[in-house]
Structures are given as C-alpha cells and as structure tokens.
Amino acid sequence: MHFHDDALFPECQEKLIITAAPYGPEWEPEDFPEDLPLTMDEHVQQAVDCYEAGATVLHIHVRELDGKGSKRLSKFNELLSRLREAVPDMILQVGGSISFAPEGEGVEAKWLSDDVRHMLAELDPKPDQVTIAINTSQMNIMELMTADDIAGTSMERPELAVTYREMTVPAGPEWVEEHLRRLQAAGIQPHFQLSSVPQLETVERLIRRGIYTGPLNLTWVGIGGGFDGPNPYNIMNFVQRVPDGACLTLETLMRSVLPVNTMAIAMGLHTRCGNEDTLWGRKGEKMTSVEQIRQLVRLADELGREVATGKEAREIYRIGETYRDADETLAKLGYAPNRRPGQVGFTHHG
C-alpha cells in the first residue's frame, strides 16, 4: 500500500469498516455471562446490538446450549436465516474454523476435518464471506496471554490452557485450492486471515495462477504463537506488502486490541473487536463487544473518519464481485502483471 502526503487525512480515506466478533468460541459462558450469548435469541440480539453500535461486519460462531462451540452446520443455517431478517444490511462472515474449542476436559482443541470445513460452501442461506486460513501453522493463542488476561476465566485451568497452546491451523495447499474453488462456485467471498508476509505471498501466487479471481479482503492476525505478534514493525511490514486494491483489517488479542485498532483507524485501514479477541478494556475491567464497538466509533469521530454503513461496507468489500481471470484480478488489485513469455528485466504495472 502507498501513502501520499495526505494519506492520513480522513477525507482521503475509505469509510471505516468495523468487524464485530462477539461470540467468543474459546471462552466458556461463565467467563463473561453478560456478553457471551448462549441461546439462539441471544446470538441474534448480540448481532442487532453490534450493528446498532456501528459494526457492519459480523464474524459468526455458534454456541450450543451446553456452552460449547457448535460444530453443527444446521445451527449455522438457523442463525444465518435469522440474521438475514434481523440485520439485513450486515455483512455475514462465518468463521472458517467453525469451532476450535475442545469438546471436554483435556481434549485436544482442533479444527474440524477438511471435508466438514468444505461444507461451509453449502450453508443455506449462504453467508457473504467465509474466513480462510492459508498455510498450516501453529496457533498458540496462549503465548501472549498474561496472568491478568486469564484471571477468573476458564483459561486458568491448566488442562484447557494446554489444548489451546498446542493448537495448529490445518490449511495445506490442496485443501486451500479446493476450498477456494467451492466458495467461489457458491458465490461466497473468501476473507483471508493471514498471520504474516509468507502467507500473503502464498495468496499472491494463488491469484497469479488464476486459482482465486476476486476482490482481496484480508485481515492481518497478530496474535503471536506462530503468527505475527502485535509489534508495529510487523504491522508496517505487512501493510507495505499489501497491494493498493486490497481492503485490510487489523486483528490482535487482549489489551493490544485497542492500540492496534487505533493505528488502523489513523492509517485508513479497518478494525475488528469483540469478545473473541478480548474481554478487557482497562486493566482488570471487562468490556462488552458493544462497548468495544462504541469506543472505536468515538475514536473514529475524534480523528474525523466516518464509519461505513452496511451498504457502504458492501461496496468497499466488493461483495458479489468477481473477475474473469488472473490478469484482470492482478490489475484490479494493483499487483504487477504476470511476466509474459520471453520477457526479461523487472515487471511493471500496466
């Protein structure tokens, strides 16, 4: 991405898209009963509250009545159907992990099988987006959590902490290519969740080979433990490598969420918050997903940056837009074109 002299002026920036992740699948309801929905009605009301607070993208997980993250696609279908009525203007983004929560004490926390995850392309009604991981990697969400972060929560149980410390993200080349094929065939936009520059480079190669042909909406996920950490140098390095035509959101965890989101707002990028990312506001004080959204709206207002409406967010994300081939995709996204046969020297923009 390029930054001109006026790039930090709000009138030169896109309107802010706020993604809400208010279903916290890694937590147990008792960790924050005021904010972690349990019943289907509570799931729907959480979405309505987040939208009214200013969020226009909803990152979706579903919880069973026993408190555990649901692995049943029928539950997702039910929630999607109700959300289409309750928050019709929201971009509905299903978390591609579905649920990585362990099923019982000491049970390994892992994502669902490749075949089951492919079935996300068959959700009915279909979501606007499904998040997709790139390249199998470690996902130790405990590495950056402090004693204060987990105080009074289920994460204090050593056997549970171990399951999350040892978790990996299965996203090998064959699965990624097939998943992208199915999502595109179903008219569902993939939202790339990327931990580092090497994963961004893999996405570029997928585009150059014509495996993915559409808008590039992505989130930099700085949660440590195999992913980048919330270090500003990591953020800036990643931002520098993102093409001009992409739409970039920043994500991190716990009390790094607010400062990272503040940087995103100032730089013209987009934000994500909610109890999936953090339970905390000030040190030792819990903060609901809606309160986190309202805080970002206030910060945006102080910086003079307008918050996107649902319709505007759809336009910025280019929901429903596709491209005919690799060449058009590269041009739309601002990447240099593929090298022509026999071409020597540096490539350049067309």
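The values are calculated or read from the model by the stated rules, or taken from the named source; none is laboratory data. Bear in mind the structure is a predicted one, so any value in this text is a computation, not a measurement. Glycine also receives a Cβ, built like all others from the backbone with ideal geometry; neighbour counts cover every protein chain displayed. These area figures cover heavy atoms from the full protein model, side chains too; ligands, DNA and RNA do not enter into them. Shrake-Rupley method; radii C 1.70, N 1.55, O 1.52, S 1.80 Å.
A few comments on the model shown:
- Hey, LEU218 part of a strand (DSSP E or B) and closer than 19 Å to GLU276 by Cα or not: yes
- Pairs with Cβ under 8 Å, 6+ apart, first in the range 52-72 and farther than 19 Å from ILE265 by Cα, second hydroxyl-bearing (Ser, Thr, Tyr) and surrounded by fewer than 20 Cβ atoms within 10 Å (Cβ to Cβ): LEU65/THR39
- Complete set of residues in the range 155-164 that are surrounded by 15 or more Cβ atoms within 10 Å (Cβ to Cβ) and not hydroxyl-bearing (Ser, Thr, Tyr): MET155, LEU160, ALA161, VAL162
- Residue match in the range 142-154 (condition: outside any loop (DSSP other than H, G, I, E, B) and open to solvent by 70 Å² or more (accessible area, probe 1.4 Å)): yes
- Qualifying residues in the range 207-237 (those that are free of Cβ contacts under 8 Å to residues at least 40 places away in the same chain and aliphatic (A, V, I, L, M)) - the one farthest from TRP175 (Cα to Cα): MET236
- Given (1) outside any strand (DSSP E or B); (2) within 15 Å of ALA55 (Cβ to Cβ); (3) within 17 Å of the chain's Cα centre (by Cα); (4) β-branched (Val, Ile, Thr), number of the condition THR249 does not satisfy: (1)
- Being at pLDDT 95 or above, open to solvent by less than 20 Å² (accessible area, probe 1.4 Å), part of a loop (DSSP other than H, G, I, E, B) and closer than 30 Å to LEU16 by Cα holds for only one residue in PRO88, PRO127, and it is PRO127.
- Selection from the range 178-197 of residues that are within 19 Å of the chain's Cα centre (by Cα) and either of a type in the set (D, E, K, R) or open to solvent by 10 Å² or more (accessible area, probe 1.4 Å) (or both): GLN184, GLY187, GLN189, GLN193, SER196, VAL197
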